[in-house]
Amino acid sequence: MSIWTDMQKRSSGDDIRQEDDLSIEFDGALNYTKESKEDIRNTIRNLHISPVIFPLRTSTIIGKRVLISAERKTYQVLFKERFPEDKDDDWDDLASVHVLGEYKRHEKKIILYIDNIKEIKHHYGDLLPMMRYVYLHELMHAFFDRNPNHDYIYGVEEAFAEFGALLCIDELVSKAKADPAELDWALSHVFSKKDVLRCYSYGYNLFNLYKKEKELAKRMLQSYL
């Protein structure tokens with residue numbers, strides 16, 4: 001059975017994860033009201049309570065540890081951490097480009113940099129749908145990483161993580177669980193990365209390919225998984 005078929009089979013209703021499996025924490029630097037924190041928790045939990053998208057229907061729990069962080073992390077810092085062997089590259093062109101989310105492989109933890117997400121809020125107008133998209137992107141990394149033999153290939157996986165997150169939002173829209181404007185924002189967000197984070201922007205192209213040639217896009221995803 002292909003992994004894609006396996007994902008679709010799991011999407012039929014088996015192995016529904018309970019929201020109680022989720023650990024959603026806020027770091028001490030965040031000055032959020034109790035109500036705001038609960039809105040953030042519920043946005044993430046609701047994806048798992050009635051999952052309609054394939055990364056949330058797996059036989060092993062993914063994305064169960066989530067940290068909402070006030071850190072203003074940049075891609076320069078992230079890439080220096082992620083690629084320490086590239087000592088000749090100081091990533092100066094990314095010193096002012098903020099990271100919205102991160103998947104920590106060794107800790108199996110998703111971090112959402114909420115103040116960085118808030119900074120781009122004017123592009124959509126609502127924090128929670130944007131945060132949901134970022135979470136789904138990082139959840140795709142957790143989905144890929146559930147295989148203990150999985151190797152992270154930066155230029156490939158980031159495109160597929162964007163592609164997978166776009167598929168998730170598209171499915172939420174088709175089930176009337178998200179506004180079509182959320183998908184429009186997500187598509188424009190991914191496309192906008194073409195000048196500074198080009199490999200991420202290829203997720204936009206993969207999504208458009210999927211709309212025209214579903215089987216080809218499936219095979220491309222399958223080849224990475």
- [ ] Among the lysines, select those whose C-alpha is under 23 Å from the C-alpha of LYS177, and discard any that sit fewer than 8 residues away in the same chain.
- [x] LYS9, LYS37, LYS64, LYS118, LYS121, LYS211, LYS214
Open item on the list: Can you pull out the trypsin sites (Lys or Arg not before Pro) in the range 157-225 whose DSSP state is coil and whose Cβ has at most 13 other Cβ atoms within 10 Å?
Closed with: LYS175
- [ ] Multiply the residue gap between ASN46 and ASP126 by 0.36 nm, knock off their C-alpha separation, and tell me the result in nm, one decimal place.
- [x] 27.1 nm
TODO: Work out, in µm²/s and without decimals, the Stokes-Einstein translational diffusion coefficient of the range 127-205 at 37 °C, 0.692 mPa s, Rh from Kirkwood over C-alpha pairs.
DONE: 258 µm²/s
Task: the range 88-159 - Rg (one decimal) and Dmax (whole number), Cα, Å - done: 13.9, 40
- [ ] Grab the Cα-Cα distance for GLU215 and GLU107, subtract it from 0.36 nm times how many residues apart they are, and report the gain in nm with one decimal.
- [x] 35.5 nm
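Bear in mind that the values in this text are calculations on the coordinates, not laboratory data. In this text, all values refer to a predicted model and were calculated from it rather than measured experimentally. In this analysis, Cβ positions are derived from the backbone assuming ideal geometry, glycine residues included, and neighbour counts consider all displayed protein chains.
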